[in-house]
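Scroll down for the structure; my scribbles are underneath it.
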Amino acid sequence: MTDPDFIDFMMEGGHYLLFPEDFGDYQCPNCGREITEGDQVEWADQKKKIIKCPDCGQEIEVS
């Protein structure tokens, strides 16, 4: 059985990834941070490929 705390963690956006090389580099339109391979980012919507900027939280669409 899955731990209920783990499910809450995942539902609240606690799922992070290392920004993959095949997405290329992105610059946050809000704060200007360069997001590159190896940066830790949070998915805002994984199906639509939208991440959150690690600095300001701005949602950025990646392709």
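Remarks
- Residue-count net charge about Q40 - beta-carbon cut-off 12 Å; Lys, Arg +1, Asp, Glu -1: -3
- Evaluating 6.51 cos²θ - 1.76 cosθ + 1.60 at θ = phi - 60° for every residue in the stretch 26-37, the Karplus couplings come out as 9, 10, 5, x, 8, 10, x, 5, 7, 10, 10, 3 Hz, glycine and proline recorded as x.
Each value in this text was obtained by applying a stated rule to the coordinates, not by laboratory testing. Source: prediction; values computed, not measured. Cβ sites come from the backbone with ideal geometry, for glycine too, and all protein chains shown count toward neighbours.
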